[in-house]
């Protein structure tokens, strides 16, 4: 499933990796958190994760409400750390919490 959602992501060396998504839900709630070995790897991962957001927001999520939620999705890179958050209900809370770790 990871390969179909994030093509190429498995080829990036990581120190830590967590991906969470419901198997089936009408509410967008998909997150990826990873620590890559290098900042270049993190940038590559960020591009792959942004592609996921773009595809889903551009029609892959099918329903207008889901596409709108995906369009508010965000990819954040802080050095070798990267996260992707697409959450209809907790977008700001989760992405803000990630950024707080780096202040």
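Just a few scattered comments:
- Being touching a helix residue (DSSP H, G or I) at 6+ places or on another chain (Cβ under 6 Å) and modelled with pLDDT of 95 or more is not true of residue 58.
- Filtered residues of segment 1-18 (kept if free of Cβ contacts under 8 Å to residues at least 40 places away in the same chain, surrounded by fewer than 17 Cβ atoms within 10 Å (Cβ to Cβ) and in a loop (DSSP other than H, G, I, E, B)): 1, 13
- Some residue of segment 36-47 being more than 19 Å from residue 99 (Cα to Cα) and touching a helix residue (DSSP H, G or I) at 6+ places or on another chain (Cβ under 6 Å): no
- Looking only at residues of segment 22-32 that are without any contact (Cβ under 8 Å) to a residue 12 or more places away in the chain and surrounded by fewer than 11 Cβ atoms within 10 Å (Cβ to Cβ), we find that the one that is nearest to residue 75 (Cα to Cα) is 22.
- Members of segment 43-101 that are touching a residue at least 40 places away in the same chain (Cβ under 8 Å), outside any helix (DSSP H, G or I) and over 20 Å from residue 1 (Cα atoms): 79, 80, 81, 88, 89, 90
- Search result, residues across segment 81-103 that are closer than 14 Å to residue 32 by Cα and surrounded by 14 or more Cβ atoms within 10 Å (Cβ to Cβ): 81, 82, 83, 84, 85, 86, 87, 91, 94, 95, 98
Every residue, every condition in (1) in contact with a strand residue (DSSP E or B) (Cβ under 7 Å, 6 or more places away or on another chain); (2) farther than 16 Å from residue 89 by Cβ; (3) surrounded by fewer than 15 Cβ atoms within 10 Å (Cβ to Cβ), yes or no:
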| site | (1), (2), (3) |
| --- | --- |
| 20 | yes, no, yes |
| 34 | yes, yes, no |
| 37 | yes, yes, yes |
| 40 | no, yes, yes |
| 46 | yes, yes, no |
| 65 | no, no, yes |
| 70 | yes, no, no |
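The values are calculated or read from the model by the stated rules, or taken from the named source; none is laboratory data. Worth saying up front: this structure is predicted, and the values here are computed from it rather than measured. FYI the Cβ positions are ideal-geometry reconstructions off the backbone, even for glycines, and counts take in every protein chain you see.
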